[in-house]
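**Q** One structure is given below, represented as structure tokens, and several questions about it will come after.
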Amino acid sequence: MISKAKTTVSFYNGLTTIGGPMIEVAYGKSHVLFDLGEVYLPELKLPDEHYATLIKHQLIGDVPNFFDPALTGKPIDTQRWEHAAAYMSHLHLDHSKAMNFLAPEIPLYAGPITASLLPTLNEQGDFLLPAANHAQNYTRPIIAAKYCEPIEVGDIRLEIWPSDHDAYGATGLIIETPDKCIAYTGDVRLHGYHPDWVKTYLDRAHGADLLIIEGTGVSFPEEGQEQKGQEFHGPKSEIALTAEMVALIKANPNRQITFNTYPTNVERLLQLMAHSPREVVLHAPQAHLLKAGLGKDCYYYQLPGEAPYADLKPELAVDYQALRADKQQYLWQVDGHYEDLQVGGLYLHSNAQPLGDFDPAYRPFIQALTDKQIDFKAIRCSGHADEAELKEIIARVQPVILCPVHTLHPELEVNPFGTRILPKRGETITFS
Ligand SMILES: [Zn+2]
């Protein structure tokens, strides 16, 4: 009997905003959902982050038959759907924060680094949204996928490929139904540590029937070709960023030097530790993330009164007062408490929080450094492909259909090799 099933793709969220893509691919009685994030819009000043609140404000998609009935009040139709799975491309919150909303019986896949780091990030219960009927700091099981090996979900096969983004362990997805091949890039760039990994993934996706691509880099056309949003200033690659930091450390041999970066940008930290002429000392929570999530030991410090982490080796602890007094030996991660820094030091702000002027915490933070006459250097590198890189990615895949998501301006990404679609939120497309 010839199957009458067709491949469908439903776009539930994250289309014309930067973040939170939620997309379902279905065939016959099988379906998969990716990703599981929440759109970040703090200006909404929501009273809570309950399921109903997030649905109402479109911060997550209203996806049927995937979320926990204990949250939705609606049972999952297991007659209609015999095989289901979900996937997360990487650990940024706009791709992962709602993962505990997934029904417990539906398997959730991610790359091995994402699967390993997320439970540690959520140990205090302040990273992910909480699961129904569990403690605040519960993290539902994540299956660590083997890179590039097929995962069978009924009629659908998934492959999870290593990629590159400013979230350590980011991956891209290949989805094969009996008649179509679909690629979803997640967040991606070609100027990180592993453009070779990205290109290998894109070659696997070559000729895909549908390429779902992020488009953060075309979100700010009014700012011109060169500078798209604040995070696009600075070094052109992660390797150049590390080199710039090393050069600054070498140029300031007798000065207190501190830095901060985004906690999940683990690879930037690892590179800094590998190349810094000074000993890199992390704040204990960051060191714990590296130890618990990756088994990596590093020098760390605790602030006075902070509880120790059982997994951090005492011999790697550096005394906080020694850091405060140091001008030559250490490059240390500062996290608040700027009043403890030396007058006239150097501080390297590398995509750390507060990220920029839009954050109310930014001005007081700059003022605290100014009060100490600390030289502030912002050294940023974007996690996202810029306009030229997006074109290169599309040219490498040459998809039949292109679908830009995760951007304020999806219409600015074009497909010279076929057609392009700009689905509306909630729309389903059916392949003929
Ligand atoms: Zn991201």
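**Q** Please verify whether ALA132 is among the hydrophobic types (A, V, I, L, M, F, W, C) and under 19 Å from ALA205 (Cβ atoms), treating the condition exactly as stated.
**A** Spelling it out, it is not the case that ALA132 is among the hydrophobic types (A, V, I, L, M, F, W, C) and under 19 Å from ALA205 (Cβ atoms).
**Q** Check off (1) surrounded by fewer than 20 Cβ atoms within 10 Å (Cβ to Cβ); (2) within 15 Å of LEU348 (Cα to Cα) for ASN254 and give me the number that stays unchecked.
**A** Of the numbered conditions (1) surrounded by fewer than 20 Cβ atoms within 10 Å (Cβ to Cβ); (2) within 15 Å of LEU348 (Cα to Cα), the odd one out for ASN254 is (2).
**Q** If a residue has to be assigned to a loop (DSSP other than H, G, I, E, B), aliphatic (A, V, I, L, M) and in contact (Cβ under 8 Å) with a residue 40 or more places away in the chain to count, how many in region 408-421 make the cut?
**A** Final tally of qualifying residues: 1.
**Q** If you check TYR147 against the conditions, is it surrounded by fewer than 22 Cβ atoms within 10 Å (Cβ to Cβ), more than 15 Å from the ligand (Cβ to nearest atom) and either of a type in the set (Gly, Ala, Ser) or more than 21 Å from ILE213 (Cα to Cα) (or both)?
**A** Judged against the criteria, TYR147 is not a match.
**Q** Please specify each residue of region 356-391 satisfying the condition of being outside any loop (DSSP other than H, G, I, E, B), out of contact with any helix residue (DSSP H, G or I) (no Cβ under 6 Å at 6 or more places or on another chain), over 20 Å from ILE239 (Cα atoms) and open to solvent by 30 Å² or more (accessible area, probe 1.4 Å).
**A** Scanning region 356-391 gives ARG363, PRO364, ILE366, GLN367, THR370, ASP371, ASP375, LYS391.
**Q** Then there's this: What's the number of the only condition in (1) hydrophobic (A, V, I, L, M, F, W, C); (2) touching a Phe, Trp or Tyr at 6+ places or on another chain (Cβ under 8 Å); (3) within 16 Å of the ligand (Cβ to nearest atom) that ILE393 fails to meet?
**A** Just one mismatch for ILE393, condition (2).
**Q** Restricting the search to region 190-206, which residues are out of contact with any strand residue (DSSP E or B) (no Cβ under 9 Å at 6 or more places or on another chain) and free of Cβ contacts under 8 Å to residues at least 60 places away in the same chain?
**A** Those that are out of contact with any strand residue (DSSP E or B) (no Cβ under 9 Å at 6 or more places or on another chain) and free of Cβ contacts under 8 Å to residues at least 60 places away in the same chain: PRO195, ASP196.
**Q** Please state which one of ASN122, ASN133, ASN137 is open to solvent by less than 20 Å² (accessible area, probe 1.4 Å) and either among the charged types (D, E, K, R) or within 27 Å of LEU59 (Cβ to Cβ) (or both).
**A** Matching residue, one of ASN122, ASN133, ASN137: ASN122.
**Q** If we only count helices (runs of 4 or more DSSP H) wholly inside region 1-99, which ones have 2 or more residues that are surrounded by 24 or more Cβ atoms within 10 Å (Cβ to Cβ)?
**A** Helices (runs of 4 or more DSSP H) meeting the threshold: 93-96.
**Q** Return the only residue of PRO404, PRO410 being assigned by TED's automatic domain parsing to the domain that holds GLY217 and either in contact with a helix residue (DSSP H, G or I) (Cβ under 6 Å, 6 or more places away or on another chain) or open to solvent by less than 10 Å² (accessible area, probe 1.4 Å) (or both).
**A** Going through PRO404, PRO410 in turn, just one is assigned by TED's automatic domain parsing to the domain that holds GLY217 and either in contact with a helix residue (DSSP H, G or I) (Cβ under 6 Å, 6 or more places away or on another chain) or open to solvent by less than 10 Å² (accessible area, probe 1.4 Å) (or both): PRO404.
**Q** Let me ask something additional. (1) basic (Lys, Arg); (2) open to solvent by less than 70 Å² (accessible area, probe 1.4 Å); (3) part of a loop (DSSP other than H, G, I, E, B): which one isn't true of LYS296, the others all being true?
**A** (2)
**Q** List the pairs whose first member sits in region 95-112 and is in the same structural domain as GLU214 (by TED's automatic domain parsing), whose second member is more than 16 Å from the ligand (Cβ to nearest atom) and part of a helix (DSSP H, G or I), and whose Cβ atoms are under 7 Å apart, counting only residues at least 6 apart or on separate chains?
**A** Once the first residue is in the same structural domain as GLU214 (by TED's automatic domain parsing) and sits in region 95-112, its partners that are more than 16 Å from the ligand (Cβ to nearest atom) and part of a helix (DSSP H, G or I) give PHE101/TYR51; PHE101/LEU71; ALA103/PRO69.
**Q** Still on this structure, I have one more. Six or more apart or on different chains, Cβ under 7 Å: which pairs go from a residue in region 251-271 that's aliphatic (A, V, I, L, M) to one that's not in a helix (DSSP H, G or I)? Could you list them?
**A** ILE257/ARG278; ILE257/LEU331; ILE257/GLY345; ILE257/LEU346; VAL266/TYR168; LEU269/THR261
**Q** If you take the residues in region 162-221 that are at positive phi and under 21 Å from the mean Cα position of the chain (by Cα), which one is farthest from the ligand (Cβ to nearest atom)?
**A** Top of the filtered list is GLY169.
**Q** Would you confirm, using the coordinates I've provided, whether LEU118 is within 16 Å of the ligand (Cβ to nearest atom), in a loop (DSSP other than H, G, I, E, B) and not charged (D, E, K, R)?
**A** It is false that LEU118 is within 16 Å of the ligand (Cβ to nearest atom), in a loop (DSSP other than H, G, I, E, B) and not charged (D, E, K, R).
**Q** Just need a number here: residues in region 100-112 that are assigned to a loop (DSSP other than H, G, I, E, B) and either of a type in the set (Gly, Ala, Ser) or near the ligand (Cβ under 9 Å from one of its atoms) (or both).
**A** 2
The values are calculated or read from the model by the stated rules, or taken from the named source; none is laboratory data. This structure is a prediction, so every number in the text was calculated from the model and none was measured. In this analysis, Cβ positions are derived from the backbone assuming ideal geometry, glycine residues included, and neighbour counts consider all displayed protein chains. The protein model used for the area step is the full one, side chains on, heavy atoms only, and it has no ligands, DNA or RNA in it. Shrake-Rupley method; radii C 1.70, N 1.55, O 1.52, S 1.80 Å.
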